[in-house]
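Since the structure comes first, as structure tokens, the remarks are kept for the end.
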Amino acid sequence: MAAVLAARALRKSYRSKEALVGIDLEVGAGELLGLLGPNGAGKSTLTKIACGLVRPSGGSVEVLGKPAGSAPARAAIGYLAELFRFPGWCSADELLQLHQRLCGSAGGAPERTELLDLVELGEAAGTRVETMSKGMQQRLGIAQALVGSPRLLLLDEPTSALDPVGRRIVRGLLEELRRRDVAVLLNSHLLSEVELVCDRVAIIDAGRLVREGRPADLERSRGVEVETTNGVRLFEGAGRDEAPEIVARLVAEGERIHRVEVLNSTLEDVYLEAVQGRTG
């Protein structure tokens, strides 16, 4: 079965500037992929190419095996841009109704009710956009991206305007989308959120894919820290498997052990090392 989203040797140039340089990337059904990188790294360009809004200079992008930008590919995509604006005069229900007409969805009122409930705006169906908080508008934006039951959801900074409660709601929504086999490409600067919800992460820097994998696989041990009566000692480079031997050796030397902790790098450490050559 073809990947829901597949980029092959993807390139994009703007005159003398290369925004993307040979990107190879896949997102499978029900997979949440976190797309990370500094400003100007090429994340938004990749997303816009997948939507068919920007044409690549080389390589290819396919959605469910169809070229990005084609009618079948567009029909399979839901998209929420980082900077979006909805008409302030319309209600939440009217906005979703408009997007149903735009994408040809026949879901009607039941679909609109389900989507508003999904983002916990069920009681705000009649509320005008201009009276909503930024967080409510952000969640409404996610609801409109889900109109028509897309198989691929492209989210650009979907939690940037949300408070902790709103972020929890979005995390629950992403878990539900995983159960429904919806693929999600999540572009975010909030590394803690990405680490919590994403199955894999892809780090882009200067248009190149510099790291990719599951968060747990990208992280590495920074050592074993042992607190004894004589103080705290760090055994750099040691991992979980070496911890019992370290403890046994210290006890044999007469040390009293109060605490043992295996220190692992965080996704932030991995990110900084990948894009800036720092270890955090």
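The figures follow:
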item: Extension gain (nm, one decimal) between THR266 and SER16, 0.36 nm per residue minus Cα-Cα; result: 86.4 nm
item: Residue range of the chain that is longest and free of trypsin sites (Lys or Arg not before Pro) which are both DSSP loop and sparsely packed (at most 14 other C-beta within 10 Å); result: 86-179
item: Neighbour-limited loop hits for GluC sites (Glu not before Pro), segment 141-225 (at most 16 other Cβ within 10 Å; DSSP other than H, G, I, E, B); result: GLU219
item: Using alpha-carbon coordinates, inclination of helix 267-276 to the longest axis of the chain, degrees; result: 80 degrees
item: Virtual spin-label span in nm between ARG8 and TRP89, 7 Å along Cα→Cβ; result: 4.9 nm
item: At 1.306 mPa s and 10 °C, Stokes D of segment 221-264 from Kirkwood alpha-carbon radius, µm² per second; result: 157 µm²/s
item: Rg(Cα)/(2.2 N^0.38 Å) for segment 5-217, N = residue count; result: 1.00
item: Difference of contour (0.36 nm per residue) and Cα-Cα distance, GLU219 to LEU53; result: 56.3 nm
item: Top of ALA41, ALA145, ALA109 by mean-square fluctuation, Gaussian network on the chain, Cα under 10 Å; result: ALA109
item: Cα-based equivalent ellipsoid of segment 179-280: semi-axis lengths in Å, sorted from largest, via gyration tensor; result: 36, 15, 11
item: Modelled FRET efficiency - R0 30 Å, VAL210 with ALA29, Cβ distances, 0.05 increments; result: 0.70
item: Net charge contributed by nearby residues that have their C-beta within less than 10 Å of ARG214 (K/R +1, D/E -1); result: -3
item: Karplus (6.51, -1.76, 1.60) ³J(HN,Hα), θ = phi - 60°, over segment 221-229, in Hz, Gly and Pro reported as x; result: 6, 9, x, 10, 9, 10, 9, 10, 4
item: The chain: most fluctuating residue of PRO158, PRO244, PRO110 per GNM, C-alpha cutoff 10 Å; result: PRO244
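Taken together, the values in this text are just the output of simple stated rules run on the coordinates, not laboratory data. It should be emphasised that the depicted structure is a prediction, and the values quoted were computed from it without experimental measurement. Counting neighbours? That spans all protein chains shown, and the Cβs are built from the backbone with ideal geometry, glycine included.
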